[in-house]
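Encoded as structure tokens, the structure appears first; notes follow it.
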Amino acid sequence: MPLMEPYRIKVVEPIPILTRAEREAAMARAGYNPFNLRAEEITIDLLSDSGTGALSAAQQSAGMLGDESYAGARSFFRFREVVEDLTGYPSILPVHQGRAAERILFGAVLKPGQVSLSNTHFDTTRANVVLSGATAVDLPCAEAADLETPAPFKGDIDLGALAAHLDGDTPVGQVVMTITNNGGGGQPVSMANIAAAAELCRAAGVPFFLDAARFAENAWLVIQREPGWAGKTPREVARAAFDLADGAVASLKKDAIAHMGGFIALRDPDLAAQCELVLIATEGFRTYGGLSGRDLEMLAQGMREVVEPEYLAAREAATRHLGECVKAAGVSIVEPAGLHALYLNAGKLLPHLEPKHFPGHALATELYLAGGIRCAELGSLYLGEEDADGNLVTPAPHELVRLAIPRRVYTQSHLEYVAEVLAEIAKDPGSVPGYRVVEAPPLLRHFNCVVEPVKP
Ligand SMILES: *Cc1c(COP(=O)(O)O)cnc(C)c1O
């Protein structure tokens, strides 16, 4: 099938197109930090795929049926039915977004001094583990370290390391499998790996949860890549993954193609009751959990749409097509391309920049200056460690830029535009300047730091 979006456009939003001079002024005012730009200064926004998807006509009309009753709203029961059907878990709690689910569940499960193990904890997941007094340890598989080898399941957990930790001296409070592995390059996790990890956890008596923000995208890549799963539907594969776990947290800002939402879904009624108490105290009553009836309806409909094979096939084809155009332009990517994002190897494109001059940030900034494209680095600015004087002492393992692809928002020609802008940059990479940090807060520095170009 040729690449084609399986929907047509009924409502449009104009895209701002600025001159280079206007973009330069905007970036300087923003302290060269893309998080400080205004949306009206951006032509193509690839900062995140979270809450940025386009609603369908069916979701819009479902929203009109939203029941805004304080308790027992029809919309909750529709939401619950869809999540129950998808996951098979008997206890379903809505929350306003993924991190609320993490805070509530981990607060109930983890004890100070314990460790939480994962293929890779997403950054809010890690923060919520730490807030509950536990330590987060990532155990990515060996293949994940090699950016360019197209191994099919680089999101897997390292089973040997998992077994060793479960056998070790530090008590393990939980194991969280992130599907797909967002922190680990958006790579999928195989069903064989989920099953083996679940088995190790069962034998050790440790709860095993999914962080299921991209449950449908993971299922789709399992169908494409894992022997024995071809011919299954995305819904069947997602269900098989949920069947292997004791429960799940999910940010529904991703694979429910809606702007806000999340859930905690659990098998154990006692744990669910504990979570429900905190939910009511901090999010909202158990039948809305911080969401409106309208949101619950749109989420329920989005979770039905996201498992449609035509939608997932087109999403895979679009990201792969962007990856092929980018490679043709001479820019290396993390192989193989996943679904929700394409990761560019900025370290390789800009070898004249040392890690302390943040090649990832330099490429992300240049994409904005040259073409109005907003994206974020995943390199030493975000993940590196510095000493007290702000000197980079431990660079990130890789200097990457993430091009996140919002769901159903951009067409093939938008993505080709992105590749063309990159191709222009790749013609003269030596002219891209590095950056240095001028001001940085002590926490979550990439959101708030101010940087400036280093004069060559
Ligand atoms: C986005 C995300 C979260 C956090 O969800 P929010 O809805 O942003 O709070 C947690 N885990 C993963 C894997 C995510 O992608």
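Can you pick out the pairs among K253/K327; K253/K356; K232/K253 whose Cα atoms lie more than 31 Å from each other?
Cα-Cα > 31 Å for K253/K356; rest within.
Charges on Cβ only, +1 for Lys and Arg, -1 for Asp and Glu, centred on the Cα centroid of the chain; of Q301, G430, A21, which one is farthest towards the dipole's positive end?
Of the candidates, Q301 comes out farthest on the positive side.
Given the options A57, S251, A101, identify the residue whose Cα lies farthest towards the positive end of the charge dipole of segment 57-305 (+1 on Cβ of Lys, Arg; -1 on Cβ of Asp, Glu).
Of A57, S251, A101, it is A57.
Obtain the nm distance between the two label points defined at I15 and D167 by a simple spin-label model: each point lies 7 Å from its Cα along the Cα-to-C-beta direction.
5.4
Given Cβ point charges of +1 (Lys, Arg) and -1 (Asp, Glu) and nothing else, what value in debye, to the nearest 20, does the dipole of segment 108-166 about its Cα centre take?
380
List the residues, sorted by chain then number, that are 5 or more residues from L353 or on another chain and whose placed amide H is less than 5 Å from its amide H.
Correct list: empty.
Given H placed 1.01 Å from N in the peptide plane, which residues other than close sequence neighbours of I44 have an amide H under 5 Å from its amide H?
Close amide H contacts, sequence-distant or interchain: I373, R374.
Can you compute 3J(HN,Hα) from phi for each residue in segment 405-420, using the Karplus curve 6.51 cos²θ - 1.76 cosθ + 1.60 with θ = phi - 60°, rounded to whole Hz and x for Gly and Pro?
Those phi angles translate into 10, x, 6, 6, 9, 10, 8, 4, 5, 4, 5, 5, 4, 4, 5, 5 Hz.
If you place +1 on the Cβ of every Lys and Arg, -1 on the Cβ of every Asp and Glu, and leave all else neutral, what size is the dipole of the chain about its Cα centre, to the nearest 20 Debye?
740
For segment 150-160, just list the computed ³J(HN,Hα) in residue order, Karplus coefficients 6.51, -1.76 and 1.60, θ = phi - 60°, integers in Hz, with x standing in for Gly and Pro.
x, 5, x, 10, 6, x, 4, 8, 7, 5, x
With the dipole of the chain worked out from charges on the C-beta (+1 for Lys and Arg, -1 for Asp and Glu) around the Cα centre, which of I157, A241, A192 lies farthest toward the positive end?
A241
For segment 319-381, what percent of Cα pairs sit more than 19 Å apart?
Taking all Cα-Cα pairs of segment 319-381, the fraction more than 19 Å apart is 29 percent.
Let me check I have the definition right: for segment 18-177, take the eigenvalues of the Cα gyration tensor, multiply each by 5, take square roots. What are those semi-axes in whole Å, largest first?
33, 29, 17
Which residues make up the longest stretch of the chain clear of chymotrypsin sites (Phe, Trp or Tyr not before Pro) that lie in a DSSP loop with no more than 15 other Cβ atoms within 10 Å, not counting the sites?
Between exposed loop sites, the widest span is 71-456.
Any idea how far the Cα center of segment 330-374 sits from the one of segment 412-448, in Å?
After rounding, the separation between the Cα centres reads 6 Å.
Give me the Å³ per residue figure for the convex hull around the C-alpha atoms of segment 57-305.
113
When Lys and Arg each count +1 and Asp and Glu each count -1, what net charge do the other residues less than 11 Å away from Q60, Cβ to Cβ, add up to?
+1
HN-Hα J couplings of segment 253-258 from phi, Karplus 6.51/-1.76/1.60, θ = phi - 60°, integer Hz, Gly and Pro as x?
So the Karplus estimates, Gly and Pro as x, are 6, 9, 7, 9, 6, 9 Hz.
Could you tell me the distance between the Cα centroids of segment 91-113 and segment 230-268, to the nearest Å?
Cα centroid of segment 91-113 versus Cα centroid of segment 230-268: 15 Å apart.
Could you pull out the trypsin sites (Lys or Arg not before Pro) across segment 86-157 that fall in loop regions by DSSP (anything but H, G, I, E, B) with no more than 11 other Cβ atoms inside 10 Å?
For trypsin sites (Lys or Arg not before Pro) across segment 86-157 that sit outside H, G, I, E and B with at most 11 neighbouring Cβ atoms in 10 Å, the list is empty.
Please list, by residue number, every one of the trypsin sites (Lys or Arg not before Pro) in segment 11-67 that is coil in DSSP and has at most 13 other beta-carbon atoms within 10 Å.
Hits after loop and neighbour filter: R38.
Return the loop-located GluC sites (Glu not before Pro) in segment 91-170 (DSSP other than H, G, I, E, B) with at most 12 other Cβ atoms within 10 Å of their own Cβ; answer none if there are none.
Filter output for segment 91-170: E148.
Using only Cα atoms, what is the ratio of the radius of gyration of segment 376-456 to 2.2 N^0.38 Å?
Ratio of Rg to 2.2 N^0.38 Å for segment 376-456: 1.34.
Which value, in debye to the nearest 20, gives the size of the charge dipole of segment 57-305 about its Cα centre, when Lys and Arg are +1 and Asp and Glu are -1 at the Cβ?
Charge dipole of segment 57-305: 500 debye, to the nearest 20.
Taking amide H positions as placed in the peptide plane 1.01 Å from N, state which residues far from G384 in sequence (5 or more) or on other chains have amide H under 5 Å from it.
Counting only residues 5 or more places away or on other chains, the set is A396.
222 nm [θ] for the chain, helices only, -39500 (n - 2.57) per DSSP H run of 4+, per residue, to 500?
That comes out to -12500 deg cm²/dmol.
Run through every distinct alpha carbon pair of the chain and return the Kirkwood hydrodynamic radius in angstroms, one decimal place.
Every distinct Cα pair counted, the radius reaches 22.6 Å.
How much of S190 can a 1.4 Å solvent probe reach, expressed as accessible area in Å² and rounded to 10?
Per-residue accessible area (S190): approximately 10 Å².
The values are calculated or read from the model by the stated rules, or taken from the named source; none is laboratory data. Quick caveat, the model's predicted, so the values are computed rather than measured. Neighbour counts run over all protein chains shown; Cβ positions are idealised from the backbone, glycine included. For accessibility, only protein heavy atoms count, side chains too; no ligands or nucleic acids. Shrake-Rupley method; radii C 1.70, N 1.55, O 1.52, S 1.80 Å.
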